[in-house]
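Novice: I am attaching a structure below and will ask some questions about it afterwards.
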Amino acid sequence: MGAVLAATALVTFGLSGGVANAAIDQVAQVPAATALAACAGPVSPDGGAGACFNPTGEHLLNCDLLADGHHPEVYYFRSTSPNTLRHISDAPEAGNCVDHNLADIPESGWIDVQACNYEGNTELSCSNFVREYAAG
């Protein structure tokens, strides 16, 4: 799965202000193997969490990649509000992803996304931010 979640560019950010919880449409869990076939994004260094952006349709997936008892969380900035850090904290079951529709990102837009693995409220492992671009 790591090859599917290939990073296209590394971006480092300082945080200004708080974290916004994402107000986005959410659909049911989908198997990670199926969901990750059409998207790209980072994996946490411990391999437990993945964030995957599908550039056609602007869908962001929050994926639990390991049956380790931990849960994935995704943080992202978007081109429409580049100074607001957004957060997705739903908890898909191991081996699954939850699909979030970011439909209002322009076709020429981007997101900078980070995948983190947590034990309760304790951060265990986070990827660097990776920039992914919308495409159609």
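Every number in this text was worked out from the coordinates using simple rules, so none of it is lab data. Remember, predicted model here, so these are calculated numbers, not experimental data. A quick note on method: Cβ atoms are made from the backbone with ideal geometry, for glycine too, and the neighbour counts reach across all protein chains shown.
Novice: Amide H to amide H, which residues 5 or more places from A49 or on other chains are under 5 Å from it, using H placed in the peptide plane?
Specialist: S44, L65
Novice: Let me ask something else. List the GluC sites (Glu not before Pro) within segment 33-136 that DSSP assigns to loop and that have no more than 13 neighbouring Cβ atoms inside 10 Å.
Specialist: Listed in order of number, the matching sites are E93, E107.
Novice: Separation between the H87 and A67 pseudo-spin-labels, each 7 Å from Cα along Cα→Cβ, expressed in nm?
Specialist: If labels sit at H87 and A67, their model points lie 3.0 nm apart.
Novice: For segment 95-103, what does the Karplus curve 6.51 cos²θ - 1.76 cosθ + 1.60, with θ = phi - 60°, yield as ³J(HN,Hα) per residue in whole Hz, taken in order and with x for Gly and Pro?
Specialist: x, 10, 10, 10, 8, 10, 8, 9, 4
Novice: Moving to a separate point now. What shape does segment 25-114 take by its C-alpha gyration tensor, where a ≥ b ≥ c are the square roots of the eigenvalues and a/c under 1.5 counts as rounded, a/b above b/c as prolate, and the rest as oblate? Present the calculation step by step, with values, prior to reporting the outcome.
Specialist: On the way: a/c = 1.94, a/b = 1.55, b/c = 1.26.
Note, shape of segment 25-114 comes out prolate.
Novice: Moving on. Put a dot 7 Å past each Cα toward the Cβ at A38 and T80; how far apart are the dots in nm?
Specialist: 2.0 nm
Novice: Between D104 and E123, what length in nm is gained on full extension when 0.36 nm per residue of separation is reduced by their alpha carbon distance? List each step's numbers first, then the result.
Specialist: Values: separation 19, 0.36 × 19 = 6.84 nm, distance 2.95 nm.
The span from D104 to E123 would gain 3.9 nm if fully extended.
Novice: Using amide H atoms built 1.01 Å from N in the peptide plane, name the residues 5+ places from L102, or on other chains, whose amide H lies under 5 Å from its own.
Specialist: Those qualifying (amide H under 5 Å, at least 5 residues apart or on another chain) are H59, L60.
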